[in-house]
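Before any comments, here is the structure.
The values are calculated or read from the model by the stated rules, or taken from the named source; none is laboratory data. The structure displayed is predicted, hence computed values, not measured ones. Here the Cβ is made from the backbone with ideal geometry for all residues, glycine too, and neighbour counts use every protein chain on show.
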Ligand SMILES: [Mg+2]
C-alpha cells in the first residue's frame, strides 16, 4: 500500500510551502496538469497559475508539466507558462518521465512530482523514487477515463485510512 502514500499532501498547488521544499533540497518540480494546474474545462493557464509559476521561477525552481493528456492541450499551457512538458505521459508508467529526469541531470532527491491523482502521480513518483506531493483535485469534473480511476482511488483511500497510512483531508508536509 505504501506506493500510494505521498510524502506531502496539501489542498492545492497554492497551499504548498515552496520555501519548505527548498529547505528539503528540492530543485525540480514536475506538475500534473488536469485538476492540478487547471480545471478540465480550462484551455489555457489562468492568471493565478501564471503568477505562481513566475514566483517559482524567481525562487530558482526548474519547472515542467507531465500530463497524460494529448499534445494540443498540454502544449497550450506549457507554452503560456514557458516550461518544458511531456504529453501522453502514461502515468503511472514511469518511462517517459525517467527519460526526462536522466536528461535533466538532477538527482532524484532534488525532484518532486505534484499532482491530484494518487493512482497516477503518486504511484509514478514513488516508482521512480522522487518526492511525491498530492493535492486534492481542483474540480469535480473529470475526463471519462479519470472518473473510473477516481472510483478505484476512493476504495484505496479507504484502505489507507483503515491502516492509518493516509487520511483524505488531513494535510501534512
Ligand atoms: Mg490530474
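The range 1-89 holds strands (runs of 3 or more DSSP E) entirely within its bounds, and those carrying 1 or more residues that are closer than 21 Å to residue 169 by Cβ and at pLDDT 95 or above map to 8-10.
Out of 149, 154, one residue alone is within 16 Å of the ligand (Cβ to nearest atom), farther than 12 Å from residue 8 by Cα and surrounded by 13 or more Cβ atoms within 10 Å (Cβ to Cβ). It is 149. What's the total number of residues in the range 56-66 that are away from the ligand (no atom under 16 Å from the Cβ) and either in contact with a helix residue (DSSP H, G or I) (Cβ under 8 Å, 6 or more places away or on another chain) or touching a residue at least 12 places away in the same chain (Cβ under 8 Å) (or both)? Adding up the residues that qualify gives 6. Taking residue 160, is it in contact (Cβ under 8 Å) with a residue 12 or more places away in the chain, more than 19 Å from residue 31 (Cα to Cα) and in a helix (DSSP H, G or I)? Yes; evaluated as a whole, the condition is true for this residue.
Just checking, how many residues over the range 106-141 are surrounded by 15 or more Cβ atoms within 10 Å (Cβ to Cβ), assigned to a loop (DSSP other than H, G, I, E, B) and touching a helix residue (DSSP H, G or I) at 6+ places or on another chain (Cβ under 6 Å)? Step through it out loud before you land on a result.
To start, the set of residues in the range 106-141 that are surrounded by 15 or more Cβ atoms within 10 Å (Cβ to Cβ) comprises 106, 110-128, 130-138.
Filter again for assigned to a loop (DSSP other than H, G, I, E, B), leaving 106, 116-117, 130, 136-138.
After this cut, where a residue has to be touching a helix residue (DSSP H, G or I) at 6+ places or on another chain (Cβ under 6 Å) as well, the list is 130.
Of the residues in the range 106-141, 1 are surrounded by 15 or more Cβ atoms within 10 Å (Cβ to Cβ), assigned to a loop (DSSP other than H, G, I, E, B) and touching a helix residue (DSSP H, G or I) at 6+ places or on another chain (Cβ under 6 Å).
Note on the range 92-105: residues that are part of a loop (DSSP other than H, G, I, E, B) and touching a strand residue (DSSP E or B) at 6+ places or on another chain (Cβ under 7 Å) total 0. Considered as a group, the residues in the range 67-89 that are within 16 Å of the ligand (Cβ to nearest atom) and exposed (fewer than 14 other Cβ atoms within 10 Å of the Cβ) include one that is nearest to the chain's Cα centre (by Cα), and that residue is 88.
Every condition in (1) over 22 Å from residue 158 (Cα atoms); (2) at pLDDT 95 or above holds for residue 114 except the one numbered (1). Do we have residue 49 as without any contact (Cβ under 8 Å) to a residue 40 or more places away in the chain, within 16 Å of the ligand (Cβ to nearest atom) and in contact with a strand residue (DSSP E or B) (Cβ under 6 Å, 6 or more places away or on another chain) here? Against the criterion (without any contact (Cβ under 8 Å) to a residue 40 or more places away in the chain, within 16 Å of the ligand (Cβ to nearest atom) and in contact with a strand residue (DSSP E or B) (Cβ under 6 Å, 6 or more places away or on another chain)), residue 49 does not qualify. With respect to the conditions (1) touching a residue at least 24 places away in the same chain (Cβ under 8 Å); (2) surrounded by fewer than 13 Cβ atoms within 10 Å (Cβ to Cβ), residue 34 lacks only one, and its number is (2).
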